[in-house]
4 protein chains.
Amino acid sequence: MLINKDNPNDIYSTEIEIRYCEIDQMGIVHHSNYWNWFEITRIKWLAQHGISYQELENKGYFLPLIEANIHYFKPLRFGDRILVDSEPKRPRLSLINFDYKIHNQHNDLVTSASTSHALVGAHHRPIRFPKFLSDILPKLAPN
Amino acid sequence: MLINKDNPNDIYSTEIEIRYCEIDQMGIVHHSNYWNWFEITRIKWLAQHGISYQELENKGYFLPLIEANIHYFKPLRFGDRILVDSEPKRPRLSLINFDYKIHNQHNDLVTSASTSHALVGAHHRPIRFPKFLSDILPKLAPN
Amino acid sequence: MLINKDNPNDIYSTEIEIRYCEIDQMGIVHHSNYWNWFEITRIKWLAQHGISYQELENKGYFLPLIEANIHYFKPLRFGDRILVDSEPKRPRLSLINFDYKIHNQHNDLVTSASTSHALVGAHHRPIRFPKFLSDILPKLAPN
Amino acid sequence: MLINKDNPNDIYSTEIEIRYCEIDQMGIVHHSNYWNWFEITRIKWLAQHGISYQELENKGYFLPLIEANIHYFKPLRFGDRILVDSEPKRPRLSLINFDYKIHNQHNDLVTSASTSHALVGAHHRPIRFPKFLSDILPKLAPN
């Protein structure tokens with residue numbers, strides 16, 4: 001289980017810099033870019049728990065998305081500063097969810113979202129979170 | 001209302017070529033790119049009904065996303081051929097939804113998704129679908 | 001050698017559809033997207049000569065960029081229609097160049113560019129164009 | 001002139017985090033993403049000199065690319081850490097160049113590049129660097 005029992009709200013927060021190339025013709029961040037930000041926070045959350053995503057993939061473990069949803073409450077513009085919160089949720093079998101919230105510099109909630117991921121092996125078949133993963137995740141609670 | 005009463009299933013289908021740059025380190029299409037494909041189908045659906053998206057924006061009408069969800073059933077790889085179906089749904093006030101389905105060359109349903117859009121003016125305030133839009137949408141049913 | 005002796009100007013031309021997500025805040029195609037278009041033309045040029053880029057990579061052959069340059073003569077906007085010409089040039093050892101020209105719907109030359117590629121193996125070490133590659137490139141002249 | 005006379009080597013250095021979505025099927029950073037990094041450094045260099053790029057565009061000044069070249073000496077992988085150096089060069093009339101160097105965590109020079117930009121107004125016509133721009137660039141030497 002990927003949730004730290006001692007910290008039931010294991011939220012990772014990171015400031016992400018909006019890139020000029022992420023702004024579209026409407027003058028707002030193009031909606032497809034938010035997913036890349038969420039990915040950054042997931043990878044940083046793993047790193048915070050001592051897991052290098054690159055090593056994970058080198059060992060043949062992958063976490064592709066299987067489901068996602070998002071609400072865009074307010075548009076983001078170039079120059080806006082944002083804080084992205086990421087919280088792992090509901091791990092079970094080979095599945096793990098993440099919830100996200102984005103706040104801007106005025107502390108407005110601009111976006112909320114969630115993603116579901118399957119842990120899969122080299123041939124994209126779901127596998128249970130292995131002991132190997134538990135071993136490199138000492139701070140996380142056992143199944 | 002943006003749905004053609006005479007054609008309640010106004011589905012626009014287009015083949016989209018997967019680009020090499022859309023494939024990630026896992027060897028599958030990165031999940032963020034699907035949204036760009038859906039956008040292509042929306043714009044082509046509008047074009048099919050005689051509406052140029054560029055002209056629409058030039059006139060101060062924009063259709064930003066306010067909500068979206070997606071299910072990834074099977075990964076897509078470089079060389080896969082895909083058909084993307086796009087269907088407008090549930091127009092009301094300043095809101096319009098689209099449902100999407102992606103099938104691969106084996107006719108497998110690989111992805112389903114939907115997006116909600118608000119029609120907004122230059123300052124990103126929602127506005128009702130105006131007569132001006134109805135005028136350039138002669139084939140679509142009146143409000 | 002990857003140039004067809006019988007066709008010294010082995011130019012591959014393809015129309016590419018500008019995507020809305022490629023337009024930036026200035027209202028023009030963001031400069032980084034042109035490289036993705038050139039990549040599409042290289043891969044189509046290979047396909048035209050019976051080489052699947054996916055198979056090439058599956059067999060452990062890769063063609064990363066080692067050098068590139070570009071001139072942007074005119075900006076491109078959403079709704080512009082473009083023809084991208086791609087021409088392989090100066091193959092030698094493990095190196096191959098491509099020259100590109102983009103014309104718009106008014107037949108204006110909007111961009112010219114070139115890329116240099118090394119043929120490399122799985123560990124990104126340059127390798128000479130192998131017989132295996134010549135074998136699947138029957139229409140191309142021998143070394 | 002955009003070069004600080006008192007600091008002829010006005011180099012802006014910034015660490016940029018490689019994003020997972022920037023890695024391609026070869027397992028290296030896709031070549032198109034480097035241009036987005038250079039853009040980040042240019043904008044940060046301007047910010048360092050008190051110029052907000054967003055304000056610049058709001059005032060009708062734009063700096064599109066007109067020419068660029070790049071050498072990729074070594075591939076970059078996910079997990080590599082990079083320092084991007086950006087140096088403005090050869091300002092004249094409405095033109096400004098930037099040179100870039102990217103070093104990895106082993107201090108290897110992995111990439112060098114340069115871009116040329118034209119200062120243009122709302123209709124993409126070149127304009128000379130105006131007094132208005134000089135006024136908000138107090139630390140930069142006069143023409």
Restricting attention to the stretch D:64-103, and to residues there that are outside any strand (DSSP E or B) and at pLDDT below 90, which single residue is surrounded by the most Cβ atoms within 10 Å (Cβ to Cβ)? D:94
Answer yes or no as to whether residue D:55 is out of contact with any strand residue (DSSP E or B) (no Cβ under 6 Å at 6 or more places or on another chain) and more than 8 Å from chain C (Cβ to nearest Cβ). yes
Selection from the stretch B:23-43 of residues that are in contact (Cβ under 8 Å) with a residue 40 or more places away in the chain and either among the aliphatic types (A, V, I, L, M) or surrounded by fewer than 18 Cβ atoms within 10 Å (Cβ to Cβ) (or both): B:23, B:26, B:28, B:29, B:40
Output the residues belonging to the stretch C:27-48 that are of a type in the set (S, T, N, Q) and more than 9 Å from chain D (Cβ to nearest Cβ). C:41, C:48
Matching option when the condition is within 13 Å of residue C:115 (Cα to Cα) and not hydroxyl-bearing (Ser, Thr, Tyr), among C:15, C:55, C:39: C:39
For the stretch A:110-120, state whether one or more residues are touching a Gly at 6+ places or on another chain (Cβ under 7 Å) and within 13 Å of another protein chain (Cβ to nearest Cβ). no
If I filter the stretch B:80-87 for residues that are touching a residue at least 24 places away in the same chain (Cβ under 8 Å), away from chain A (no Cβ under 11 Å) and closer than 30 Å to residue A:54 by Cβ, do I get at least one hit? yes
Being within 7 Å of another protein chain (Cβ to nearest Cβ), more than 13 Å from the chain's Cα centre (by Cα) and either under 24 Å from residue A:28 (Cβ atoms) or crowded, with 18+ Cβ neighbours inside 10 Å (or both) narrows it down to one residue among C:61, C:20; which is it? C:20
How many of the residues in the stretch D:71-94 are touching a strand residue (DSSP E or B) at 6+ places or on another chain (Cβ under 6 Å) and either of a type in the set (Val, Ile, Thr) or farther than 19 Å from residue C:64 by Cα (or both)? 10
Of all the residues that make up the stretch B:1-37, how many are part of a loop (DSSP other than H, G, I, E, B) and either under 13 Å from residue A:36 (Cα atoms) or at pLDDT below 90 (or both)? 13
For residue D:53, state whether it is at pLDDT below 95, of a type in the set (Phe, Trp, Tyr) and crowded, with 19+ Cβ neighbours inside 10 Å. yes
For the list (1) farther than 24 Å from residue D:121 by Cβ; (2) part of a helix (DSSP H, G or I), I need the number of the one condition that residue D:56 fails. (1)
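The values are calculated or read from the model by the stated rules, or taken from the named source; none is laboratory data. Not measured: the values here are computed from a predicted model. Neighbour counts run over all protein chains shown; Cβ positions are idealised from the backbone, glycine included.
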